[in-house]
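Okay, so here's the structure we're looking at.
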Amino acid sequence: MFASLGVVVLAAAGFFVYLIHIMSDPIRPTLLGMRIDGDRVTIKAGQCPEERVRRVEVWDSGTERLLWRGDKPVTDEGKRGLLTLWDREAYRTSSPAAQPSELPEALDVLVESDPYGGPDGVFSIAEVRAADLGPGSYWTRDGVRTAAELDAVQDCGGTDESPEP
């Protein structure tokens, strides 16, 4: 009986490791970037021209606690994926939580867009703050990218009109 239980536990652990590996596939293109300017935290979600942001959620990666949520950005920039977090005025509705006085070590950000879903990503706050970001640039897991570069990695279907590298 204990041998069967051990096999079940090992199989479950193996499946969990496989699931984590699949979800963190390094081949997936980076579609989300972050920058921090003083107290202002901004996300850029790569999007196809027809996509519109529906919601952004920010989670404490360490505790898996929801820190903030903004629904239906009100600006054209926000609808197109340029999102200032904890900015109550920039969203039709948002959770009442204020930005923490000190950000956790890592933030997990989920952006929901119509019609394709949307990207998510985990950001080390120390890495984002240490990055040398020029105007319009964002830290991604692949390094520094501009907003245009983040939008360009999208597979929007249709023709391939991306510029030559």
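The values are calculated or read from the model by the stated rules, or taken from the named source; none is laboratory data. Please read these numbers as outputs of a predicted model, since none were measured by experiment. Using ideal geometry, Cβ is built from the backbone for each residue, glycine included, and neighbour counts are taken over all protein chains shown. Surface accessibility is based on the protein's heavy atoms, side chains included, excluding ligands, DNA and RNA. Shrake-Rupley method; radii C 1.70, N 1.55, O 1.52, S 1.80 Å.
Ser101 meets all of the listed conditions (1) surrounded by fewer than 16 Cβ atoms within 10 Å (Cβ to Cβ); (2) of a type outside the set (Lys, Arg); (3) touching a Ser or Thr at 6+ places or on another chain (Cβ under 9 Å) but one, namely (3). Screening Val74 against (1) open to solvent by 20 Å² or more (accessible area, probe 1.4 Å); (2) among the hydrophobic types (A, V, I, L, M, F, W, C); (3) in contact (Cβ under 8 Å) with a residue 24 or more places away in the chain; (4) in contact with a Lys or Arg (Cβ under 7 Å, 6 or more places away or on another chain) leaves a single unmet condition, (3). When segment 95-114 is filtered for residues that are polar (S, T, N, Q) and in contact (Cβ under 8 Å) with a residue 40 or more places away in the chain, the ones remaining, listed by number, are Gln99, Ser113.
Within this structure, Ser113 fails the test of being surrounded by fewer than 13 Cβ atoms within 10 Å (Cβ to Cβ) and outside any helix (DSSP H, G or I).
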